[in-house]
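Participant: Encoded as C-alpha cells, here's the structure I'll be asking about.
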Amino acid sequence: MQSTTFPPRTADLFTQGLENRPGSALLRFGAARRRPADRLSWAGTGAVAWLDGPRGHVWSVGEPVPAAGLVLGAAQRLPDHVREFTGPRGTDALVSRHLPLADVVEWVFRWTPDEPPAHPGEERVVELDERHHEELLAFLREHSPGHSTGPGSAGISLWAGIRDEDGRLVACGALSSLRDSGAPLMASVATDARLRGQGLGAALTSWLTRYAVRRHGFCTLWQLADNAPAERLYTRLGYRDEDLCVAARIAAR
C-alpha cells in the first residue's frame, strides 16, 4: 500500500458496484440517499471513501487495503480537516503503520427493511418532545453516560420512552439520522440500570424499528462488536450484520 497515492476526487461513489456487495450497507444507506454536490469523495480499486466535513470524519467501504489507502490519502492531503475515520475491519492496523491512532473501537453497522415481530411492552412506549429534554438528559447521564446522541442534537426526528406506574422514565431511545444521507439511525437506547433484564430495552428497540420501517422503509443502527446481549436482540429483531467496521481517531501529529 502506497500511503502517498491519492486517487482523484470522484463525482459518484457508485462506479464499482461496491454498494451491491455484502458488507457495503454503510455505503448504500450512508451515502446513496443524497449526493451533496460539495461532498468530497474518492474511489480506488476495491474501495470508496467520503468526507463528513463538519465532523472531520472519513467513511470508507470496501477491502481493508484500498480503504486504508483512501483514508491515508485524505489525511495527508487534508491534515487540518481529517480527524477520524470509519472503515472495514483491519483498516486501523494498516493506517496505524503511518499515523498514530487513538480510541480504536470495533463496530457493526446493522440494518433491516422489515418490521420486527411484536414485542411485549411495546404498548407502553410513548413519544417524547422538547418538554422532556431535561428529563431525558438526566436519565442518560445516570444510566448511559456514554450515549452517542443527546436531547437537542442535530438530526433527531424522535425521542421515545417507557414510564413506570409512577410516571418515572425507565427507558428511552431516539431516531437520529446518518448525516450525509438522512437515513434513519436508532441511537441512545438506554434502560434504568436497576430494571435491566426485564425486556424494556427490547420493547423500545422493537417499537423504534417498527416506526422507522413504516416511515422510511428501513432502519439502521451501530452496535459495539463485543456487546453480545445487543447482538442477540438485534438479530432476533431481524437486523442484518454484514458490515464489520472499525473507527478510530487520528492522534495529534
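The values are calculated or read from the model by the stated rules, or taken from the named source; none is laboratory data. This one's a predicted model, so the numbers in the text were calculated from it and none came from an experiment. As a convention, Cβ positions derive from the backbone with ideal geometry for all residues, glycine included, and neighbour counts pool all protein chains shown. All accessible areas refer to the heavy atoms of the entire protein, side chains included, with ligands and DNA or RNA removed. Shrake-Rupley method; radii C 1.70, N 1.55, O 1.52, S 1.80 Å.
Participant: Of the candidates 140, 27, 169, which one comes out as most mobile in a Gaussian network treatment of the chain with C-alpha springs shorter than 10 Å?
Facilitator: Largest GNM mean-square fluctuation: 169.
Participant: If you don't mind, there's one more thing I want to ask. When only the heavy atoms of the protein chains count and the probe is 1.4 Å, how do 222, 111 rank by accessible area, highest first?
Facilitator: The ranking, largest first, comes out as 222, 111.
Participant: Relative to the first principal axis of the alpha-carbon coordinates of the chain, what is the inclination of helix 133-143, with its axis defined by its Cα atoms, in degrees from 0 to 90 and to the nearest 10?
Facilitator: 80
Participant: Rounded, prolate or oblate: which fits the range 122-210, taking a ≥ b ≥ c as square roots of the Cα gyration tensor eigenvalues, rounded meaning a/c under 1.5, else prolate when a/b beats b/c?
Facilitator: Judged from the Cα gyration tensor, the range 122-210 comes out prolate (a/c at least 1.5, a/b above b/c).
Participant: Within the range 57-71, whose backbone N sits under 20 Å from a point 7 Å along Cα→Cβ of residue 225?
Facilitator: Taking a point 7 Å out along Cα→Cβ of residue 225, the residues of the range 57-71 whose backbone N falls under 20 Å are 58-71.
Participant: Now for a different question. Hey, what do the phi angles of the range 59-66 turn into as Karplus ³J(HN,Hα) couplings, whole Hz, using 6.51/-1.76/1.60 and θ = phi - 60°, x for Gly and Pro?
Facilitator: Using θ = phi - 60°, the values come out as 9, 9, 9, x, 7, x, 5, x Hz.
Participant: What size of dipole, in debye to the nearest 20, comes out for the range 111-166 about its Cα centre when the only charges are +1 on Lys and Arg C-beta atoms and -1 on Asp and Glu C-beta atoms?
Facilitator: 260
Participant: Moving on. What shape does the range 71-182 have by the C-alpha gyration tensor, where a ≥ b ≥ c are the square roots of the eigenvalues, rounded means a/c under 1.5, and otherwise prolate means a/b greater than b/c and oblate the rest?
Facilitator: It comes out prolate by the Cα gyration axes.
Participant: Using the alpha-carbon centroid of each, what span in Å lies between the range 195-253 and the range 118-192?
Facilitator: 14
Participant: In debye, nearest 20: dipole of the chain around its Cα centre with unit charges on the Cβ of K, R (+) and D, E (-)?
Facilitator: 640
Participant: Which one of 46, 90, 17 has the biggest mean-square fluctuation once the chain is modelled by GNM with Cα springs under 10 Å?
Facilitator: Highest fluctuation of the listed residues: 17.
Participant: Let me ask something else about it. What distance in nm separates the simple spin-label points at residue 124 and residue 166, each placed 7 Å from Cα in the Cβ direction?
Facilitator: Going by the 7 Å Cα→Cβ label model, 1.5 nm.
Participant: Continuing with this model, one more query. Using the basic label-point model (7 angstrom from Cα toward the beta carbon), what is the residue 89 to residue 142 distance in nanometres?
Facilitator: It works out to 3.7 nm between the two label points.
Participant: What does the helix-only formula give at 222 nm for the chain: each DSSP H stretch with n ≥ 4 adding -39500 (n - 2.57), the total divided by the residues, and the result rounded to the nearest 500 deg cm²/dmol?
Facilitator: -7500 deg cm²/dmol
Participant: By the gyration tensor of its Cα atoms, with a ≥ b ≥ c the square roots of the eigenvalues, what is the shape of the range 201-253: rounded for a/c under 1.5, prolate for a/b over b/c, or oblate?
Facilitator: prolate
Participant: Hey, for a label at residue 14 modelled as a point 7 Å past Cα toward Cβ, could you say which residues of the range 217-253 have their backbone N under 19 Å away?
Facilitator: Under cut-off, by backbone N: 217-220, 243.
Participant: Express the carbon and sulfur contribution to the solvent-accessible surface of the range 13-116 as a percent, rounded to the nearest whole number, probe 1.4 angstrom.
Facilitator: That share works out to 49 percent.
Participant: State the extension gain, in nm to one decimal, for the chain segment bounded by residue 102 and residue 249, taking 0.36 nm per residue of separation less the distance between their alpha-carbons.
Facilitator: This chain segment gains 52.4 nm when fully extended.
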